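Contents: one structure, followed by commentary.
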């Protein structure tokens, strides 16, 4: 009975909508679906992603009903954080192994990756933590405490091993540290200690073969016949699209299976080959519209919690987008990070639309205020 009462309290608002954030995100999904539909004999990906999109849209509208004030007042977020940490631990015994990582719960044809939900929870928990301490945010202890919040899921995901998701969690923590107003000197000290520790390990502990593995990971194009094969094929696909692209359905790298994981990690490469530079510019523009709208909605927040949450969602999506594009053009290591809204997969799509839905729900707390007043409170200036 208590659970149903709590659920009723959380989902107590009417459905909201924001076209400027919803429709650009939906167009990004459409680009992904069009690209998937061109894969030879692979309608499975297209059809299954349509189901995932239906669920994600339902999640969006459900999230717009959430009473975000209740998330601030109660311990719901911390409870969910503990529950999902336990779920991540459970993966080590019950999780499905795919591509060398034990990261999914699988039931029939459908799978769920808890790390995706944990990224959004981390944004919410950090937003709540920093919003309650904005006046004293410059203290060093807040780097440590917030770092512990991030370290728990970071390690659990890294041990699966899923380096890509772990890296995104680090970027979420680091980005929210920067926008929350934490002392940059203290943050620099933490990174200096980390850099010195890594330098000591490199000089005294790592064996030559371990150093070679790290160097190949950082620059996979140095070994195009081995570890760098995927990155090399991806660079070929992106470059061969040129200005106008080869045309929808005529991308040879994906159709002939030279491009691996073309529906998930390398869907941008498949898209760029078919649509060319012009298509890529349209894609980037749509993503920019989503991010700008997220930041605008965050600045309308009634409290620091709403503002920090919006900033965190923007950091979350930008991190995914930047890392994926970087790895597909050979500038960053191959880490298995998806393109937001566009890549195949139901877990990340649901989480991304829920993240937008929560932000739209927070519009109900919007307050009229002068921009300088918002900046002062956001930065912790009295």
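The values are calculated or read from the model by the stated rules, or taken from the named source; none is laboratory data. These numbers come from a predicted model, not from an experiment. Because the Cβ atoms are built from the backbone with ideal geometry, glycine has one as well, and the counts that use them run over all protein chains shown.
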Among 227, 270, 237, 231, the single one that is in contact with a helix residue (DSSP H, G or I) (Cβ under 6 Å, 6 or more places away or on another chain), modelled with pLDDT under 75, assigned to a helix (DSSP H, G or I) and over 30 Å from residue 129 (Cα atoms) is 231
Check: Of the residues that make up region 104-112, is at least one at pLDDT 75 or above and under 24 Å from residue 190 (Cβ atoms)?
Finding: no
Among the residues of region 46-81, the number that are loosely packed, with under 12 Cβ neighbours inside 10 Å and part of a helix (DSSP H, G or I) is 3
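Among the candidates 190, 125, 148, single out the residue that is closer than 28 Å to residue 75 by Cα, in a helix (DSSP H, G or I) and either more than 18 Å from the chain's Cα centre (by Cα) or at pLDDT below 85 (or both).
Of the residues listed, the single one that is closer than 28 Å to residue 75 by Cα, in a helix (DSSP H, G or I) and either more than 18 Å from the chain's Cα centre (by Cα) or at pLDDT below 85 (or both) is 148.
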Of 281, 331, 317, the only residue that is surrounded by fewer than 24 Cβ atoms within 10 Å (Cβ to Cβ), out of contact with any helix residue (DSSP H, G or I) (no Cβ under 6 Å at 6 or more places or on another chain) and part of a loop (DSSP other than H, G, I, E, B) is 331
Within region 155-165, of all residues that are surrounded by fewer than 20 Cβ atoms within 10 Å (Cβ to Cβ) and touching a helix residue (DSSP H, G or I) at 6+ places or on another chain (Cβ under 9 Å), the one farthest from residue 96 (Cα to Cα) is 155
The correct count of residues that are assigned to a helix (DSSP H, G or I) and surrounded by 17 or more Cβ atoms within 10 Å (Cβ to Cβ) in region 82-109 is 4
Residue in region 304-323 that is under 15 Å from the mean Cα position of the chain (by Cα) and modelled with pLDDT under 85 present: no
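Would you say residue 291 is surrounded by fewer than 21 Cβ atoms within 10 Å (Cβ to Cβ), in contact (Cβ under 8 Å) with a residue 24 or more places away in the chain, under 16 Å from the mean Cα position of the chain (by Cα) and not in a loop (DSSP other than H, G, I, E, B)?
It is true that residue 291 is surrounded by fewer than 21 Cβ atoms within 10 Å (Cβ to Cβ), in contact (Cβ under 8 Å) with a residue 24 or more places away in the chain, under 16 Å from the mean Cα position of the chain (by Cα) and not in a loop (DSSP other than H, G, I, E, B).
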